[in-house]
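Just so it is clear, none of the values below were taken in a lab; they were calculated from the coordinates. The model shown is predicted, which means the values in this text are computed figures rather than measured ones. Positions of Cβ are backbone-derived with ideal geometry, glycine not excepted, and every protein chain shown enters the neighbour counts.
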Amino acid sequence: MSLKQKRKLKQIILVICILLLALLYIYPIFLMCINAVKPFGEVVVDVIKLPSTVEWGNFTYVMEKMQYGKLFLNNVEITVIGIIGIVVISSLTAYILDRKKNRYTKIAKTIITMPMLIPFQTIMISLLKVMTTIHFSGSKVGLGIQYWGFGIPMATFIFYNFMKTIPKEIDESACIDGAGTFKTYSLVIFPLLKSVTFTVIVIDVMWIWNDFLLPLLMVNGSNDTKTLVLAAYSFVGQFNTQWHYAMASMVLAVLPSVIIFIFLQKYIVEGVVAGAVKG
């Protein structure tokens, strides 16, 4: 076998492995979708079998029961608050850490990015106590702000690595024109962060929109603060689980974030490779 044939064989094996791995992730989503349009009896009998009749009424019932429109707006509000804070604070922090390098900023960079290594489960009880004390629990605004603490370390790390590829001469030119640090950041540097900003936005939207554990801890059972994923969980009971409605509600809960990912996924690749290309 020639060297060219060996390389081609390796590529084929690699593609097959990737496809098998993709199917491993897609299969549970496929089961969720087909069971979302089944009658309850068919779900109980066989979750793998395709539906004999498609029950679109499952979605109608779920949307009315969970007040989908209201909860959708709750998710939008929480996600927007979280994303704005994460993007603004982390990009500005990364700019200062890169442009004002000294021993203090090196220490600050370590402290800011260190929370990425701490599992949420280890601090969730103490976090709940603190948030309850300062009245941030049971609030959509409070929940959105809490995502800053968990999203900023990773976003700062991403922005910082990209920031190093932007020439410092741009800052010097802005300074000559009379721009201060914040004006240089907001009017000159931040527009150059478009691709990596979209990357951060897409990743964090997928995370915040579909998060379950933090909303479960922090918001109450009222529809004024409940998220879509929490509402979907309400169809799962200790003694009686309405599986067809639970699956339908999960499809409705994750669908908006999937649509956002489909339309913006190219920016993830651009943001990830931009630093390597420019560097």
Response to the item:
Residue span residue 2 to residue 170: 0.36 nm per residue of separation minus Cα-Cα distance leaves a gain in nm of 55.3 nm
Worksheet item: Only one of the listed values, (i) 1.03; (ii) 1.19; (iii) 1.24, was derived from the coordinates as Cα Rg over 2.2 N^0.38 Å; which label is it?
Response: (iii)
Item to complete: For residue 140, go through the lysines and keep the ones whose alpha-carbon is under 24 Å away, minus same-chain ones fewer than eight residues off.
Response: 65, 70, 129, 226
Worksheet item: If each Cα of the range 45-136 is one equal point scatterer, what is log10 of I(q)/I(0) from the Debye formula at q = 0.13, 0.17, 0.19, 0.24 Å⁻¹?
Response: -0.81, -1.01, -1.10, -1.21
Worksheet item: the range 198-215 to the range 53-109: how many Å between their Cα centroids?
Response: 5
Discussion item. Please compute the modelled spin-label separation between residue 45 and residue 212, points set 7 Å along Cα→Cβ, answer in nm with one decimal.
Written reply: 2.8
Worksheet item: Treating the beta-carbon of each Lys and Arg as +1 and of each Asp and Glu as -1, no other charges, what is the dipole magnitude of the chain about its Cα centre, to the nearest 20 debye?
Response: 1160
Worksheet entry | Cα-centre dipole for the range 100-215 with unit charges at Cβ (Lys and Arg positive, Asp and Glu negative), debye to 20 | 340
Worksheet, complete the sentence: Counted neighbours (other Cβ, 10 Å), sorted fewest up, put 169, 77 in the order 169, 77
Worksheet item: In nanometres, what is the gap between the two model label sites at residue 88 and residue 126, each 7 Å from Cα along Cα-to-Cβ?
Response: 2.9
Worksheet entry | Set of lysines with alpha-carbon distance to residue 101 below 24 Å, sequence-local pairs under 8 removed | 109, 164, 168, 183, 194, 278
Worksheet item: Hey, fewest Cβ within 10 Å first, where do 183, 129 land in order?
Response: 129, 183
Fill in: Length gained when the stretch residue 110-residue 17 is fully extended (0.36 nm per residue, less Cα-Cα span)
29.7 nm
